Amino acid sequence: MTGSIPANVPHDRIVDVDVYLPPEIENLGFHRAWAKVQAGRPAVVWSPRNEGHWIALSGEAIQQIQTDPDRFSSRVIVLPKSVGEQHGLIPTTIDPPEHRPYRALLNARLNPATVRGLDQTIRATAVDLIEGFIGEGHCNFTTQYAEIFPVRVFLAMVDLPEADAPTIRHWAACMTRPGMPMTFEEAKQAFFDYLGPVVDERSAHPADDMLSQMITADMDGRRLDRDEAVRLCTQVLIAGVDTVVNILGFIMAELAADKALRQQLIAMGDALTPAVNELFRRFGLVTISREVRHDTEFHGVSLKAGDMICTPTQLHGLDPAQNDDPLAIDFTRRRARHSGFGSGPHMCPGQELARKEVAITLREWLARIPDFALGEDADLSPVPGIVGALRRVTLSWDK
């Protein structure tokens, strides 16, 4: 273990957990490893890893932290704190009420009506990719579909070249995963250098893409300045090229191993909303953090101003106090409680788009490839980072 133990940390709350690589993850997998960390432990514990921080383990505590910006600030959301203090992107590191005008810019471009208007484009993208490899009888789902499909859709929305996707994803990975070739600050600067000229051009000559609309929108009587626009656009790109990529991998790996689940989805036809919600509950991904704003008592421990507290959002959906038999996938579950999209003022503005992309993937894939299995060269080992991921999902089926 690393890091000193502050005086306000009870010894019975100390656990040796690296939130980017929890114990036994190689053997149990991402979600079962986190469920084992959660089982039998208090709602809040302390880890000396990553410079030392608290971890919320119960679904109740996770939701409370996300919905209480008066006690838990978004000023620093990445561990370790020395790295998170370099983040500074908009609006994820701004608290209410200051964050609301920036958030409104995102909400206006990612609302349900806008996403419904993208249905045909998203469906055509999914079909094009699937038809491109269906005749082969196998695919590397990670590289041939998951890393292309949501990124192609999103880059079209912001009108950036699809050829830039690998570079953008690499920079995003360097900001969300430990041990990458670029430091957090170097990757952030790469985004700023890339987006600066884009912001300048679209400020002067706006089009109808999402970035132009945000850059030139009226925000309480003014427009974003250049620095704000670059930081907001950087956050938008990072969010748009990572989460859906990885949840698709977990979902398809699970379906490859469970014919009964596939048959249930096929029988549901286009009425996939409950199933998609259940899948986002079961395969929550994002391990985010908050900074304690002032000394406070929370679930039996004394938090001090400046302490960091980690909220592994996947644990909300996996908490048996929130969902019966949480590791089971039950498409008839009446109320799937989870924080797959966060909670409170920073709830993911792209959640409607994410749900749509997963639903269309399931519908179009199962209509063409109802029976499939994991490929012999699949590698379901975890990729450490803020967003959970599987290294390589390969699939095979009868041609």
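Looking only at the range 372-399, filter to residues that are in a strand (DSSP E or B) and among the small types (G, A, S); which one of those is least open to solvent (accessible area, probe 1.4 Å)?
S381
Within the set of pairs 6 or more residues apart or between chains, which connect a residue that is on the phi > 0 side of the Ramachandran plot inside the range 335-352 to a residue that is polar (S, T, N, Q) and crowded, with 21+ Cβ neighbours inside 10 Å with Cβ atoms less than 7 Å apart?
G342/Q66; G342/T313; G344/Q66
Please go through the range 317-350 and pick out each residue that is surrounded by fewer than 20 Cβ atoms within 10 Å (Cβ to Cβ) and of a type in the set (V, I, T).
The one that is surrounded by fewer than 20 Cβ atoms within 10 Å (Cβ to Cβ) and of a type in the set (V, I, T): T332.
Picking from E131, E85, which residue would you name as being surrounded by fewer than 19 Cβ atoms within 10 Å (Cβ to Cβ) and over 24 Å from T176 (Cα atoms)?
Sole residue among the options that is surrounded by fewer than 19 Cβ atoms within 10 Å (Cβ to Cβ) and over 24 Å from T176 (Cα atoms): E131.
Going through the range 276-316 one residue at a time, which ones are of a type in the set (G, A, S) and either crowded, with 23+ Cβ neighbours inside 10 Å or at pLDDT below 95 (or both)?
Let us first name the residues in the range 276-316 that are of a type in the set (G, A, S), namely 284, 289, 300, 302, 305-306.
Result: G284, S289.
On the given criteria, is P112 of a type outside the set (D, E, K, R), out of contact with any Pro (no Cβ under 8 Å at 6 or more places or on another chain) and open to solvent by 50 Å² or more (accessible area, probe 1.4 Å)?
Judged against the criteria, P112 is a match.
Just for the range 355-371: of the residues that are open to solvent by less than 10 Å² (accessible area, probe 1.4 Å) and hydrophobic (A, V, I, L, M, F, W, C), which one is nearest to L21 (Cα to Cα)? Talk me through it step by step, then tell me what you get.
Step one: of the range 355-371, the residues open to solvent by less than 10 Å² (accessible area, probe 1.4 Å) are 357-358, 360-362, 365, 369.
Still in the running and hydrophobic (A, V, I, L, M, F, W, C): 358, 360, 362, 365, 369.
Values: V358: 26, I360: 31, L362: 29, W365: 31, I369: 34 Å.
The selected residue is V358.
Being outside any helix (DSSP H, G or I), in contact (Cβ under 8 Å) with a residue 40 or more places away in the chain, open to solvent by 10 Å² or more (accessible area, probe 1.4 Å) and closer than 25 Å to I369 by Cβ, is that true of even one residue in the range 243-257?
Narrowing the range 243-257 to residues outside any helix (DSSP H, G or I): 257.
Still in the list and also in contact (Cβ under 8 Å) with a residue 40 or more places away in the chain: 257.
Now restrict to residues that are open to solvent by 10 Å² or more (accessible area, probe 1.4 Å): 257.
When the remaining residues are screened for being closer than 25 Å to I369 by Cβ, the result is 257.
Yes, that holds for at least one residue.
If you take the residues in the range 134-153 that are part of a helix (DSSP H, G or I) and under 15 Å from the mean Cα position of the chain (by Cα), which one is surrounded by the fewest Cβ atoms within 10 Å (Cβ to Cβ)?
So the residue we want is V151.
How many of the residues in the range 283-322 are over 26 Å from R75 (Cα atoms) and in contact (Cβ under 8 Å) with a residue 60 or more places away in the chain?
Final tally of qualifying residues: 5.
Mind checking which residues of the range 17-42 are assigned to a loop (DSSP other than H, G, I, E, B) and either under 24 Å from the mean Cα position of the chain (by Cα) or surrounded by 15 or more Cβ atoms within 10 Å (Cβ to Cβ) (or both)?
Within the range 17-42, V17, D18, V19, Y20, L21, P22, P23, E24, G29, A39, R41, P42 qualify.
Restricting the search to the range 166-223, which residues are part of a helix (DSSP H, G or I), free of Cβ contacts under 8 Å to residues at least 12 places away in the same chain, farther than 21 Å from I148 by Cα and of a type outside the set (D, E, K, R)?
Within the range 166-223, Q189, P197, A204 meet the criteria.
Select from the range 69-113 the residues that are touching a residue at least 60 places away in the same chain (Cβ under 8 Å) and of a type in the set (V, I, T) and list them in ascending order.
Passing the criteria: V76, I77, V78, V83, I90, T92.
The values are calculated or read from the model by the stated rules, or taken from the named source; none is laboratory data. In this text the structure is predicted, and so the values were computed from the model without any measurement. Virtual Cβ from ideal backbone geometry, glycine too; neighbours counted across all protein chains shown. To get the accessible areas, we keep the full protein, side chains included, count just its heavy atoms, and leave off ligands, DNA and RNA. Shrake-Rupley method; radii C 1.70, N 1.55, O 1.52, S 1.80 Å.
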